[in-house]
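What follows is a single structure, written as structure tokens, with notes after it.
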């Protein structure tokens, strides 16, 4: 039994790694196409039909580029930093149920690597560890732009973890469990049971925080090309830079899953329709990341801080207090 | 004589004076130069247009001294021009930086190019040429082919230390960061060294000259007509505008007037250039804020203008379409249709971009109250064009001193009120609207007729004549090899270009090549103010402030 569980887990890990690495690649393709259509242009068109093989071309390019370690950097930390970003993003995926459980060849599969009872806490924690990627990479780069980017990254991540942490506190008080499976089952009764409707404030706060945590427009400050060139990634090239990229896109997917499961009912009752509904919701959230990028300018770092500490955090606290009172009486 | 000159002449008593329409040129003694300029500034000529020098070493008529300083001032209402000239003996003259902030960089340029020293100047060092450069290129004894190899960049800490001391800051408490010369936000090659406290800029120093190609020296070695392609490269976002500015100055020197149709076509192309340039500005500005989509909404219609220009002149970017006394050829058949496409698409692009940002809170928070400059400072820095109008000063020469029939056209001068980034953006959006209005009016009233003047000493003969008659061949030969002869004079002519007042100060010696040419480039005067206006703002603000000045390195560095 133990061996079977081990084999099953390893298979799941491999599948998730492969699927989401590929999805990160497709993510860039979607992003370029979606942005292109919103911006009255075509996007990638030359490599393969509709530019579909562009991802392969990009991948080959990144993998075969020379691995440049510039003079003056701290080599060990410089090399490790991108791995941290990518690794923590995938490790966070361990506690996310990607689909409802299904039966294949008479064997019941739970598409979750580890149903741990602190699921959401683990996911949030792991994403928070991802901060070490930009932090160490920026500090080890021996570049002033990277340094500023690191300072921004730390400030942004810490602020927004406060908001996202406080925002999910209220729904968790209602559910009474940290497991994402339990959270999903709590909303299994249909659309009216979605936490987004009972906790709209928490939903929107978490959504805003998700933009900051993934560093997407309008909170695209950490690697803001107009100000900081590529921020912590300025000195990186080739696949090391690519790892940062994969980490960022994987994070976008995983946080979309978390939002869909936490607030929009996840896969509901576990039917096939529910499974597709979950994927649809994830696709919507992912699309929304791209949509805002096409529509909005970026805020300034100090405006972001103002927003967190003076607006979002007080709102989150008030939301928790009110939820507490409602639950008590 | 306009009344404004009466008190001036009563007090100054110049050595020589020439008056034409609203403009007065005087020559004064070098001893009283500073006092005279100070008095002129207090008597209503409080806008410094340009400072330059002339080296008379190889001038046909030897004057009293080798060098003369030339100061060009404008009256408060922008309508009268005062040129003060003074021969200097010992290559030294008193700085007027305490009267005009613009004088700082303009005097540095004179020092750089001519080696004339300015006493009491706060920071007399080179500005366009490299600091390792030996000699002064615009001196007549500097041989044009004498190239020099300069390689080591300046640390700029000499200027930065002065700034730090001025603001009572300590060297070790700040991080020094080079924004440029190669940085995504530097829009060309501009270097700004900033002292950062966190992300706040405490002091800044700007260095330019990375694109300096010696336009003025080159002009002295080409015939008047050969200079036209060089003018394309001044503000390369609106090449035709520079063409017109140059040929208009030359035509005024020659005393000729182009036919009405040529004037109309010029106005039409100038306004199209204005639209094109503003579209580039707005696209780049909004991208610097992260608003990516606007870039294509605004750049796609610009492509239509480029297609129009390439159909018309054969070149997309550097058109060289204008000629002294007219233009290379008439509009093509069916241009009206293309013009209609341009107007429709530009209006649609602007409307779409505005729809994205007009009521966007993030945009407002980013652009408002950022990079503010007061109208007083802007005037003192010699700002002009949309940047000055954003401060609420009406400086539009098209309205104040109309040329080419601008007075018969119906358009509004767009003014801001606050002088911040937001105003500079919105003024340009509205100016595009006004330019479209002008283009439509021109199209409706365009008359038939000649586009060139009939003077064979200025305009090349028809190719048919050249191939069939000896007179034609000789005419072509003389004009091409000897150039158009301009009788000896010193003249400053200007137009309202996209970025502001684009002026050409030309000294002619009767031959076919200019003896001296100085371009009054609006961007040069705009960038000089940058270090002061980004101070105490965030790094992110500095990036959008630089973008909002629409610095075009081609005309700034010349």
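Using Cβ contacts closer than 10 Å as the measure, can you line up B:361, A:32, A:300, B:424 from fewest to most?
B:361, A:32, A:300, B:424
With the Cα gyration tensor of the range B:270-396 giving a ≥ b ≥ c as the square roots of its eigenvalues, does the rule (a/c under 1.5 for rounded; else a/b larger than b/c for prolate; else oblate) give rounded, prolate or oblate?
Since a/c reaches 1.5 but b/c is at least a/b, the shape of the range B:270-396 is classed as oblate.
Would any residue of the range B:217-248 have its amide N under 12 Å from a label point 7 Å out along Cα→Cβ of residue B:469? List them or say none.
none
Based on the alpha carbons, how large is the Rg to Rh ratio for the range B:426-504 when Rh follows Kirkwood?
Checking Rg against Rh, the ratio lands at 1.15.
Using only helices, what value at 222 nm comes out for chain B when you add -39,500 (n - 2.57) per DSSP H run of length 4 or more and divide by the total residues, to the nearest 500 deg cm²/dmol?
Roughly -12500 deg cm²/dmol at 222 nm, from the helical runs in chain B.
On alpha carbon coordinates alone, what is the Rg over Rh value for the range B:187-267, Rh being the Kirkwood radius?
Working: Rg = 19.0 Å, Rh = 15.8 Å.
Here the Rg-to-Rh quotient is 1.20.
Considering every residue in B:281-293, what mean count of other chain Cβ atoms within 10 Å of its Cβ is obtained?
For this peptide, the per-residue mean of nearby foreign Cβ atoms is 5.
DSSP beta bridges in chain B, what fraction antiparallel, as a percent rounded to 5?
Roughly 85 percent of the beta bridges in chain B run antiparallel, per DSSP.
Grab the eigenvalues of the alpha-carbon gyration tensor for the range B:74-194, scale each by 5, take roots, and send me the semi-axes largest first in whole angstrom. Please list the in-between numbers first.
Working: eigenvalues 160, 98, 52 Å².
They are 28, 22, 16 Å, listed from largest to smallest.
No solvent, one uniform scatterer per C-alpha: report log10 I(q)/I(0) for the range A:129-277 via the Debye equation at q = 0.14 1/Å, two decimals.
The Cα Debye sum returns log10 ratios of -0.72.
Over all pairs of distinct alpha carbons, what does the Kirkwood formula give as the hydrodynamic radius of the range B:367-471, in Å?
By the Kirkwood definition, the hydrodynamic radius is 16.9 Å.
Tell me, what is a quarter of the convex hull surface for the C-alpha atoms of the range B:245-342, in nm² with one decimal?
Numbers: hull surface 27.4 nm².
Its Cα hull, projected and averaged over all orientations, spans 6.9 nm².
Per-residue mean of other chain beta-carbon atoms within 10 angstrom of the beta-carbon, peptide B:137-147?
Mean partner shielding for this stretch: 0.
Considering all alpha-carbon pairs of the range B:215-520, what whole percent are spaced by more than 23 angstrom? Let's see the in-between values first.
Details: 27192 of 46665 pairs.
When every Cα pair of the range B:215-520 is considered, 58 percent fall beyond 23 Å.
Could you tell me whether the range B:395-535 comes out rounded, prolate or oblate from its Cα gyration tensor? Rule is a ≥ b ≥ c as square roots of the eigenvalues, rounded for a/c under 1.5, then prolate if a/b exceeds b/c, otherwise oblate.
Details: a/c = 3.22, a/b = 1.64, b/c = 1.97.
Oblate, because a/c is 1.5 or more while a/b does not exceed b/c.
What does the C-alpha gyration tensor say about the overall shape of the range A:217-329? Classify as rounded when a/c is under 1.5, otherwise prolate if a/b is larger than b/c, or oblate. Let's see the in-between values first.
Values: a/c = 2.54, a/b = 1.27, b/c = 2.00.
Oblate.
Can you put B:54, B:110, A:320, A:74 in order, fewest other beta carbons within 10 Å first? The partial results should precede the final answer.
Numbers: B:54 23, B:110 26, A:320 19, A:74 15.
The order, fewest Cβ neighbours first, is A:74, A:320, B:54, B:110.
Binned at 5 Å from 0, what are the whole-percent values of the Cα-Cα distance distribution for the range B:117-186, short to long?
Per 5 Å bin, starting at zero, the Cα-Cα P(r) for the range B:117-186 comes out as 3, 11, 16, 18, 19, 16, 10, 5, 3, 0 percent.
Using the alpha carbon gyration tensor of the range A:134-200, what are the three equivalent-ellipsoid semi-axes (square root of 5 times each eigenvalue), largest first, in whole Å?
Listed largest to smallest, the semi-axes of the range A:134-200 are 38, 11, 10 Å.
Report, to two decimal places, the Cα Rg of the range A:3-328 normalised by 2.2 N^0.38 Å (N = number of residues). Kindly include the intermediate steps, with their values, before the conclusion.
On the way: Rg = 20.0 Å, N = 326, 2.2 N^0.38 = 19.8 Å.
Dividing the Cα radius of gyration by 2.2 N^0.38 Å gives 1.01.
How big is the protein assembly as shown on each of its three principal axes, counting only the C-alpha atoms and giving the largest first in Å?
Principal-axis extents of the protein assembly as shown (Cα, largest first): 108, 64, 55 Å.
Which of B:320, A:149, B:13 comes first, and how do the rest follow, when ranked by fewest Cβ neighbours within 10 Å?
On the way: B:320 19, A:149 28, B:13 12.
Sorted ascending by nearby Cβ count, the order is B:13, B:320, A:149.
Counting helices only, and only those DSSP H runs with n ≥ 4, report the 222 nm mean residue ellipticity of chain A as the sum of -39,500 (n - 2.57) divided by its residues, in deg cm²/dmol to the nearest 500.
Result for chain A, helices only: -22000 deg cm²/dmol.
Cα-Cα pairs above 26 Å in the range B:3-119: how many percent?
On the way: 1051 of 6786 pairs.
Considering the range B:3-119, 15 percent of its Cα-Cα pairs are separated by more than 26 Å.
With viscosity set to 1.306 mPa s at 10 °C, what whole-number translational diffusion coefficient in µm²/s follows for chain B from Stokes-Einstein and a Kirkwood radius over Cα pairs?
In µm²/s, the coefficient is 65.
Just to check, using Stokes-Einstein with a Kirkwood Rh over alpha carbon pairs, what's the diffusion coefficient of the range A:36-82 at 10 °C and 1.306 mPa s in µm²/s?
The Stokes-Einstein estimate is 117 µm²/s.
Every number in this text was worked out from the coordinates using simple rules, so none of it is lab data. Predicted model only: the values in this text are computed from it and were never measured. Virtual Cβ from ideal backbone geometry, glycine too; neighbours counted across all protein chains shown.
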